[in-house]
Structures are given as C-alpha cells and as structure tokens.
1. Only helical DSSP H runs with n ≥ 4 go in: add -39500 (n - 2.57) per run for the chain, normalise by residue count and round the 222 nm mean residue ellipticity to 500 deg cm²/dmol.
2. With N denoting the number of residues in the chain, provide Rg(C-alpha) divided by 2.2 N^0.38 Å, to two decimal places.
3. What whole-number value in Å² describes the accessible area per residue of the range 12-93 for a 1.4 Å probe?
4. In the chain, carbon and sulfur make up what percent of the accessible area (probe 1.4 Å)?
5. At 1.4 Å probe size, with no ligands or nucleic acids counted, give the accessible surface of GLU46 in Å², nearest ten.
Amino acid sequence: MQTTELLDLWREAIYCMAMVSGPFLIVALIVGLVMSLLQAATQMQENILSLVPKLLSVGLVMMIAGSWLLETLTGFTSKAISSLVVIGSGGGL
C-alpha cells in the first residue's frame with residue numbers, strides 16, 4: 001500500500017468525523033449561546049436551564065439527520081474494511 005493511499009484513507013476518516021459530528025456541535029453551540037444570553041438577561045444562573053435545551057436540540061438533530069449520519073458512517077466503514085482486505089492481500093487500493 002502506498003503512503004498516499006493510506007493518507008487518503010486518514011483524510012477521509014477525518015472528513016467523515018467532521019461531517020458526522022458537525023451538526024451536533026453547531027446546534028449545541030447555537031443553543032448554548034442563546035440560552036446563555038437569556039440567562040444573562042434574566043439573571044438566572046442555573047446550569048440545568050442550558051443543559052435541557054441542548055439535550056433536546058441534539059436529540060432533534062439525531063431524529064432529523066440520523067439516517068444521513070448512519071449512511072455516512074456505514075459508507076466510510078465499508079470502504080475502510082474493504083481497504084483493510086486489500087492491504088491484507090498485499091495489494092494497493
């Protein structure tokens with residue numbers, strides 16, 4: 001296996017990780033920011049007031065984009081496993 005092929009597999013793994021985790025992180029960041037602004041405006045400093053909306057929003061993202069996320073992970077996993085088979089047989093990608 002060539003070094004470039006291995007680096008391409010790593011690059012694709014990082015890209016897949018960013019694509020799968022991105023929606024969760026962006027939604028949690030936006031909801032956290034909004035809740036922090038509301039807490040600062042109302043002077044209520046309870047941690048649970050920011051945790052529950054974050055959990056609900058992340059669950060909503062999972063319900064909306066779950067099938068796409070699963071397809072992305074499944075596609076990468078099947079490609080990585082087929083690459084391992086090729087590596088084990090001594091060939092290139």
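The values are calculated or read from the model by the stated rules, or taken from the named source; none is laboratory data. What you are looking at is a predicted structure, and each value in this text was computed from that prediction instead of being measured. The area values use the complete protein model at the heavy-atom level, side chains included, leaving out ligands, DNA and RNA. Shrake-Rupley method; radii C 1.70, N 1.55, O 1.52, S 1.80 Å.
1. Mean residue ellipticity at 222 nm (helix-derived): -32500 deg cm²/dmol.
2. Details: Rg = 19.7 Å, N = 93, 2.2 N^0.38 = 12.3 Å.
The chain yields a ratio of 1.60.
3. Numbers: 5810 Å² over 82 residues.
On a per-residue basis, 71 Å².
4. Details: 5020 of 6840 Å².
Ligands and nucleic acids excluded, carbon and sulfur give 73 percent.
5. Counting only protein heavy atoms, the figure is 110 Å².
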